[in-house]
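Worksheet: one structure, shown below.
The values are calculated or read from the model by the stated rules, or taken from the named source; none is laboratory data. As the structure is a computational prediction, the values presented were derived from the model and not from experiment. Here Cβ is always computed from backbone atoms with ideal geometry, including for glycine, and neighbour counts include all displayed protein chains.
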Amino acid sequence: MKSKRIIEYLKGMKLQSSLIIASGIFLGLALAQDSIFIPLPKFIILYVIFGVGCSGGAQILNRIFDLKIDKIEHPERGLPKKILTKQDMLKFAVFLLFIPFLSIFINWKIFVLVLIGLIFGILYSENKFKLGRKWYTSYFLLSFGYILIPILAGWLIIKDLNFFILKIAFFFTLIALPITSLRDISDMKGDRKYGKASLPVKIGIKNTILFSPMFSFIIFLIFLVGFKFYLLRNFFKYLATIIILFIPLSFYILKNPKRKINFTILEVFGFLCEILFVWWLIW
């Protein structure tokens with residue numbers, strides 16, 4: 001029974017989602033020192049703070065607040081199956097959310113990012129604020145929390161903030177913004193029943209699938225021309241690689257949009273996008 005509880009705690013943290021956090025930290029560290037050989041201790045510390053503490057704690061809170069939806073869409077999870085209680089999950093969330101406060105011993109800039117990350121996580125998860133229940137606020141909170149903050153954390157542990165890293169961080173954050181809407185396709189039935197205004201509920205599955213890449217492409221063009229991304233070293237090699245990877249991925253998702261593994265695949269794709277960006281730019 002204990003092993004089942006431990007497994008459910010780990011599942012509740014959704015550590016697969018922290019892959020994108022790990023790649024963001026790597027990107028920030030690599031760009032800060034202009035090398036793909038990053039300082040491993042700094043990477044591990046930042047991952048524990050943001051990937052385990054901030055993200056894991058927020059995911060556990062989200063499981064508590066989304067229990068009604070999970071009973072419909074994910075009855076196999078720990079809370080619906082009553083392997084864990086709300087009190088168990090809340091205690092674990094408090095423990096995880098305490099970890100990021102240790103960042104005060106690193107530097108004040110990382111601590112400020114931690115506070116912002118925790119605020120984003122709570123605003124997204126807590127039903128009273130309803131920010132996680134509206135598509136036009138929930139996707140911003142997710143993209144900023146999972147992409148912008150980790151990239152800046154990797155950079156700020158080594159250097160001071162400047163326009164270059166802000167430009168890169170906002171590029172990946174805004175590109176990912178519409179893609180996050182795809183995560184709600186598998187929860188559409190529960191979202192509709194309990195009034196969660198996700199994009200698939202508002203405009204339908206097909207329109208969501210069409211809207212997401214189209215909006216991402218528009219954002220990409222803005223950065224390409226407005227911020228002169230075409231001047232970055234090897235940028236078009238990077239772009240060609242991403243397009244080649246994205247085409248078969250798109251067909252796979254379109255074949256069965258409601259497949260629950262789809263968003264995990266997109267998270268892995270996002271992880272590769274950030275890693276390859278560093279590879280082409282620095283190597």
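Select, from L148, L102, L156, the only residue that is at pLDDT 95 or above, of a type in the set (A, V, I, L, M) and more than 18 Å from the chain's Cα centre (by Cα).
L156
Residue by residue, here is whether (1) assigned to a helix (DSSP H, G or I); (2) in contact (Cβ under 8 Å) with a residue 40 or more places away in the chain holds:
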| position | (1), (2) |
| --- | --- |
| E8 | yes, yes |
| I25 | yes, yes |
| G28 | yes, yes |
| F37 | no, no |
| V52 | yes, yes |
| S55 | yes, yes |
| I72 | yes, yes |
| R77 | no, yes |
| F95 | yes, no |
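Among (1) assigned to a helix (DSSP H, G or I); (2) at pLDDT below 85; (3) under 21 Å from F172 (Cα atoms), there is one condition F251 misses while meeting the rest; what is its number?
(3)
Could you check region 32-46 and list, in sequence order, the residues that are under 22 Å from L281 (Cβ atoms) and either surrounded by fewer than 20 Cβ atoms within 10 Å (Cβ to Cβ) or over 20 Å from the mean Cα position of the chain (by Cα) (or both)?
Selection gives A32, Q33, D34, S35, I36, F37, I38, P39, L40, K42, F43.
With the condition kept exactly as written, say whether any residue in region 187-208 is among the aromatic types (F, W, Y) and either at pLDDT 90 or above or closer than 21 Å to L254 by Cβ (or both).
Checking region 187-208: not a single residue is among the aromatic types (F, W, Y) and either at pLDDT 90 or above or closer than 21 Å to L254 by Cβ (or both).
For K237, which of the numbered conditions (1) within 18 Å of the chain's Cα centre (by Cα); (2) of a type in the set (K, R); (3) within 30 Å of Q33 (Cα to Cα) fails to hold?
Here K237 clears every test but (1).
Which condition breaks for T241 when tested against (1) in contact with a helix residue (DSSP H, G or I) (Cβ under 7 Å, 6 or more places away or on another chain); (2) modelled with pLDDT under 85; (3) of a type in the set (V, I, T)?
(2)
Answer with yes or no whether F111 is closer than 23 Å to G12 by Cβ, aromatic (F, W, Y) and surrounded by 14 or more Cβ atoms within 10 Å (Cβ to Cβ).
no
Do we find a residue being under 27 Å from N62 (Cα atoms) and of a type in the set (S, T, Y) anywhere in region 220-238?
no
I'd like the full set of residues that are closer than 14 Å to Y47 by Cα and outside any helix (DSSP H, G or I), limited to region 97-122.
I106 - this is the single residue of region 97-122 that is closer than 14 Å to Y47 by Cα and outside any helix (DSSP H, G or I).
Taking region 10-21 only, how many residues are buried (at least 20 other Cβ atoms within 10 Å of the Cβ) and either hydroxyl-bearing (S, T, Y) or closer than 16 Å to F172 by Cβ (or both)?
So the answer is 3.
Out of all the residues in region 88-99, which are at pLDDT 90 or above and surrounded by fewer than 17 Cβ atoms within 10 Å (Cβ to Cβ)?
Residues satisfying the conditions are K91, V94, F95, F98.
Inspect all residues belonging to region 265-274 and state whether any of them is surrounded by fewer than 16 Cβ atoms within 10 Å (Cβ to Cβ), more than 19 Å from the chain's Cα centre (by Cα) and β-branched (V, I, T).
No, region 265-274 contains no residue that is surrounded by fewer than 16 Cβ atoms within 10 Å (Cβ to Cβ), more than 19 Å from the chain's Cα centre (by Cα) and β-branched (V, I, T).
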